[in-house]
Amino acid sequence: MELNKLIFKINGDERGSLIALEQNKNIPFSIKRVYYIFDNKNSVVRGCHAHKKLKQVLICVNGSCNIKMDNGFESTIVKLDSPSEGLLIDSFIWREMYDFSFDAVLLVLASELYDPSDYIRDYNEFKEIVRGE
Ligand code: TYD
């Protein structure tokens, strides 16, 4: 399935590196919410849901993790291990996040405020929706 990877420009000099993220510029939506996942316990799997409306960009700003994305027909696994790389996850994509390194910090930029009613938490229901069944 199509991968929406974003590569961010690193502003580097002798002091180190800086990356700027700007809504509707290098982030393809207006950012309404930011959260980050850290202090991950061993072998946890997070996510395991899809969204009806929400779009997100995931950036592993420290450490690494794997993201499984599934559009109901096919799935793909992406390793995120660079602060200069983002993964765009559109609406109606099932996602699972796992294999977090002990030091992983996963930054998430979201197009909507937190809304529990936007979640599809049942994989079979998700598949039926995207397959139009
Ligand atoms: P959860 O949806 O289980 O996280 P994940 O999708 O990574 O597995 O969220 C964990 C908790 O945090 C849950 O109690 C809901 C809460 N939460 C918020 O309050 N605001 C948010 O923006 C998010 C994403 C979660």
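The values are calculated or read from the model by the stated rules, or taken from the named source; none is laboratory data. Predicted, not measured: the structure shown is a model, and the values here were computed from it. Backbone-built Cβ (ideal geometry, glycine too); neighbour counts: all protein chains shown. Calculation scope for accessible area: heavy atoms of the full protein, side chains included, ligands and nucleic acids excluded. Shrake-Rupley method; radii C 1.70, N 1.55, O 1.52, S 1.80 Å.
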Which one of these is within 25 Å of residue 8 (Cβ to Cβ) and either hydrophobic (A, V, I, L, M, F, W, C) or under 13 Å from the mean Cα position of the chain (by Cα) (or both): 81, 39, 99, 103? 81
Of the residues in the range 46-55, those that are in a strand (DSSP E or B) and not aliphatic (A, V, I, L, M) come to 46, 47, 48, 49, 51
Could you look through the range 119-133, keep only residues that are at pLDDT 95 or above and out of contact with any Phe, Trp or Tyr (no Cβ under 9 Å at 6 or more places or on another chain), and pick out the one that is most open to solvent (accessible area, probe 1.4 Å)? 121
Residue satisfying all of: in the range 39-58; of a type in the set (Lys, Arg) and at pLDDT 95 or above; surrounded by the most Cβ atoms within 10 Å (Cβ to Cβ) among these: 55
With the structure loaded, tell me whether residue 30 is away from the ligand (no atom under 14 Å from the Cβ), in contact (Cβ under 8 Å) with a residue 40 or more places away in the chain, closer than 22 Å to residue 6 by Cα and loosely packed, with under 13 Cβ neighbours inside 10 Å or whether it fails that test. yes
Let me confirm something: among 43, 30, which residue is closer than 20 Å to residue 90 by Cα, part of a loop (DSSP other than H, G, I, E, B) and polar (S, T, N, Q)? 30
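Every residue, every condition in (1) within 14 Å of the ligand (Cβ to nearest atom); (2) outside any strand (DSSP E or B), yes or no:
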residue	(1), (2)
57	yes, no
79	no, no
91	no, yes
102	no, yes
114	yes, yes
Looking at the range 11-25, which of its residues are free of Cβ contacts under 8 Å to residues at least 60 places away in the same chain, open to solvent by less than 90 Å² (accessible area, probe 1.4 Å) and touching a strand residue (DSSP E or B) at 6+ places or on another chain (Cβ under 9 Å)? 11, 12, 20
Quick check on my filter: what residues within the range 69-115 are of a type in the set (Gly, Ala, Ser) and either open to solvent by less than 40 Å² (accessible area, probe 1.4 Å) or touching a helix residue (DSSP H, G or I) at 6+ places or on another chain (Cβ under 9 Å) (or both)? 72, 82, 84, 86, 91, 101, 104, 110, 111
